[in-house]
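Asks: Shown below is the structure under consideration.
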Amino acid sequence: MEEQQRKYRLLFVCLGNICRSPAAEEIMRQAVMRGGDESEYALDSAGLYGGHAGASPDSRMRAHAARRGYLLRHKARRVEEKDFDRFDYIFAMDDSNYDALRRMAPTVEDVRKVRRMSEFLQHYVSDSIPDPYYGGASGFENVLNLLEDACEGVYKKLKNGGGL
Ligand code: 4NP
């Protein structure tokens with residue numbers, strides 16, 4: 001099925017699109033696949049900063065994700081205005097991403113598509129999915145823990161119907 005015809009079109013956005021958002025995309029994909037709903041979902045990720053465009057995810061994130069069974073194959077790209085047409089929900093990893101995406105939204109309806117990923121945490125308490133780029137291993141593990149929790153939260157809500 002074409003991307004545009006899918007029932008749920010979700011875009012995950014961080015700064016570089018090499019750590020948090022490609023992990024979010026793959027974790028969400030596996031959650032949806034476990035539920036047998038992959039044909040209903042179009043999933044992608046993008047970054048606000050275009051400097052890593054075309055690159056594979058950060059090798060540290062790939063290694064941490066691989067240990068949990070997530071193979072990150074995404075190639076980084078910059079988020080663009082037309083993403084607001086292509087997707088129903090755009091998930092920001094932190095407040096800086098959230099503010100930048102809202103400023104970028106072409107219409108008031110599009111502003112409403114922008115959501116904070118941390119809003120969907122069910123077990124962890126955190127205001128953001130913190131940038132792990134300049135930190136150590138524990139930052140990457142923390143991101144994966146938070147994203148597994150929040151992706152389950154998103155999936156559960158969408159499965160219940162009525163949107164987010
Ligand atoms: P991400 O992490 O936003 O989770 O992909 C970062 C990647 C690259 C940079 C910052 C954060 N950077 O400054 O290049």
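Asks: How much of Y49 can a 1.4 Å solvent probe reach, expressed as accessible area in Å² and rounded to 10?
Replies: Answer for Y49: close to 120 Å² accessible.
Asks: How would the chain be classified by its alpha-carbon gyration tensor: rounded, prolate or oblate, with rounded meaning a/c under 1.5 and the a/b versus b/c comparison settling the rest?
Replies: Since a/c stays below 1.5, the shape of the chain is classed as rounded.
Asks: With Cβ to Cβ distances under 13 Å as the rule, what net charge do the other residues near H52 carry (K, R +1; D, E -1)?
Replies: Numbers: positive: R20, K75, R77, R78; negative: D58.
Its environment carries a net charge of +3.
Asks: What does the convex hull of the alpha-carbon atoms of the stretch 91-164 project to on average, in nm²?
Replies: Here the figure is 5.4 nm², rounded to one decimal.
Asks: Give the shape of the stretch 1-85 as rounded, prolate or oblate, defined through the alpha-carbon gyration tensor: a ≥ b ≥ c are the square roots of its eigenvalues, a/c under 1.5 means rounded, and otherwise the shape is prolate if a/b is larger than b/c and oblate if not.
Replies: Note, shape of the stretch 1-85 comes out oblate.
Asks: Averaging sequence separations of C-alpha pairs under 8 Å and six or more residues apart, then dividing by the length of the stretch 31-78, give the relative contact order as a whole percent.
Replies: RCO, the stretch 31-78: 44 percent.
Asks: How large is the dipole of the chain about the Cα centre if only Lys and Arg carry +1 and Asp and Glu carry -1, each at its Cβ, rounded to the nearest 20 debye?
Replies: Taking the Cα centre of the chain as origin, the dipole is about 280 debye.
Asks: Given the pairs K75/K156; K113/K156; K7/K156; K7/K82, which span a C-alpha to C-alpha distance of over 24 angstrom in this model?
Replies: K75/K156
Asks: Same structure again: Counting only complete DSSP H runs, which helices of the chain cover 24 Å or more along their long axis at the Cα atoms and score a mean Kyte-Doolittle of -1.0 or above? Don't skip to the end; give the middle numbers.
Replies: Working: long enough: 137-159 (33 Å, -0.13).
The answer, listed by residue number, is 137-159.
Asks: Now a separate question. Restricting to DSSP H runs of at least four residues, report the calculated mean residue ellipticity at 222 nm for the chain, -39500 (n - 2.57) per run over all residues, nearest 500 deg cm²/dmol.
Replies: On the way: 6 runs with 67 residues, N = 164.
So the calculated ellipticity at 222 nm is -12500 deg cm²/dmol.
Asks: Considering the chain as a Gaussian network with a 10 Å cut-off on Cα pairs, which listed residue, N17, N142, N97, attains the greatest mean-square fluctuation?
Replies: N142
Asks: Quick one: among R102, R115, R34, which has the greatest mean-square fluctuation in a GNM of the chain with alpha-carbon springs under 10 angstrom?
Replies: Highest fluctuation of the listed residues: R34.
Asks: Once you list every other residue whose beta carbon is under 14 Å from the beta carbon of S128, what net charge do they have if Lys and Arg are +1 and Asp and Glu are -1?
Replies: With Lys, Arg at +1 and Asp, Glu at -1, the net is -4.
Asks: While we're looking at this one, here's another question. So which aspartates and glutamates pass the test for K159, namely a Cα distance under 14 Å, with those fewer than 8 places away in the same chain ruled out?
Replies: Output for K159: D37, E38, E40.
The values are calculated or read from the model by the stated rules, or taken from the named source; none is laboratory data. Not measured: the values here are computed from a predicted model. With ideal geometry, Cβ positions are generated from the backbone for all residues, glycine too; neighbour counts draw on all protein chains shown. Note: areas computed on protein heavy atoms with side chains; ligands, DNA, RNA excluded. Shrake-Rupley method; radii C 1.70, N 1.55, O 1.52, S 1.80 Å.
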